[in-house]
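Data block below; observations after.
The values are calculated or read from the model by the stated rules, or taken from the named source; none is laboratory data. Please read all numbers here as calculations on a predicted model, not as lab measurements. Don't worry about glycine lacking a Cβ; one is built from the backbone with ideal geometry, like all the others, and counts go over all protein chains shown. These accessible areas exclude ligands, DNA and RNA; they are computed on the full protein's heavy atoms, side chains included. Shrake-Rupley method; radii C 1.70, N 1.55, O 1.52, S 1.80 Å.
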Amino acid sequence: MRNILVVLSGPSGVGKGTIAKRLIDRNNDISLSISCTTRNPRDGEIDGKDYFFIQKPQFLQKIDEQGFLEYSEHFENFYGTPKDFVLETLKEKDVLLEIDVNGGLKIKESYPDAVLIMITPPSIQEIRNRLINRHTESEEKIELRMQRIEYELDKQDLYDYSVVNDQLEQAIIDIENIIKSEKIK
Ligand code: 5GP
């Protein structure tokens, strides 16, 4: 069985963060990569757990040092996948990245064996409700994120798999089955 790099993407509010955490809790042989970001922590987010929250100059320096497997800019903030952690961990375990579509496609270019999974909402209205209920973003920011949804979903065909997050438990089982089948390829 091979260790695989699994990329989970999907529009903001689709529930991919929850799915990623549950997958890690249930599967000891999967490790979650923690990204670096220049955005400010939201209430309850912890440095080193949710993200490594760093300043822009530090981020730019890490780009220069080729410290990221990929990085992208999102609503004026940078997000990047630390290269060393992923490559080292892959020697022992599967690694899960929860990153945006552009990042996922960049990963596929350099690591064609990576498995790209797009999480999709049961409906666009559902995702708007989830964002509103999260109470972390202003109305204006929610609108920007809604515009981004179509952009991300349009890239679905470039991903290896799509999983609808209608029933959380079922979505997790679907992803676990994808991972199992990919590991024995
Ligand atoms: P948020 O600010 O809501 O935590 O994340 C915004 C977007 O950035 C999400 O789509 C998330 O998956 C994506 N993201 C998080 N970390 C990374 C990363 O390391 N690289 C890329 N390309 N996107 C990321």
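Things worth noting here:
- Residue tally, condition within 14 Å of the ligand (Cβ to nearest atom), in a helix (DSSP H, G or I), within 19 Å of PHE75 (Cα to Cα) and polar (S, T, N, Q), over the range 8-61: 0
- Residue within the range 163-176 that is in a strand (DSSP E or B), modelled with pLDDT of 90 or more and surrounded by 12 or more Cβ atoms within 10 Å (Cβ to Cβ) present: yes
- Boolean, GLU139 is more than 14 Å from the ligand (Cβ to nearest atom), open to solvent by 10 Å² or more (accessible area, probe 1.4 Å) and either under 20 Å from ALA20 (Cα atoms) or not acidic (Asp, Glu) (or both): no
- If you filter the range 62-92 down to residues that are more than 9 Å from the ligand (Cβ to nearest atom) and in contact (Cβ under 8 Å) with a residue 60 or more places away in the chain, you find that the one that is farthest from PRO112 (Cα to Cα) is GLU92.
- Filter result for LYS180 (open to solvent by 90 Å² or more (accessible area, probe 1.4 Å) and either on the phi > 0 side of the Ramachandran plot or modelled with pLDDT of 95 or more (or both)): yes
- Residue match in the range 69-79 (condition: over 18 Å from the mean Cα position of the chain (by Cα), over 23 Å from ASP160 (Cα atoms), modelled with pLDDT of 95 or more and buried (at least 19 other Cβ atoms within 10 Å of the Cβ)): no
- Cβ-Cβ contacts under 8 Å between residues 6 or more apart (or on different chains), taken from a first residue in the range 93-112 that is within 15 Å of LYS83 (Cβ to Cβ) to a second residue that is part of a helix (DSSP H, G or I) and within 12 Å of the ligand (Cβ to nearest atom), are listed as VAL95/VAL86; LEU97/VAL86; LEU97/GLY103; LEU97/GLY104; LEU97/ILE107; ILE99/ILE107.
- In the range 4-23, the residues that are in contact (Cβ under 8 Å) with a residue 12 or more places away in the chain form Cβ pairs under 8 Å with partners that are in a loop (DSSP other than H, G, I, E, B) and within 8 Å of the ligand (Cβ to nearest atom), at six or more places apart or across chains, as follows: VAL7/ILE99; LEU8/ILE99; SER9/ILE99; SER9/ASP100; LYS16/GLY10.
- Any chance LYS16 is surrounded by 13 or more Cβ atoms within 10 Å (Cβ to Cβ) and closer than 19 Å to ASP174 by Cβ: yes
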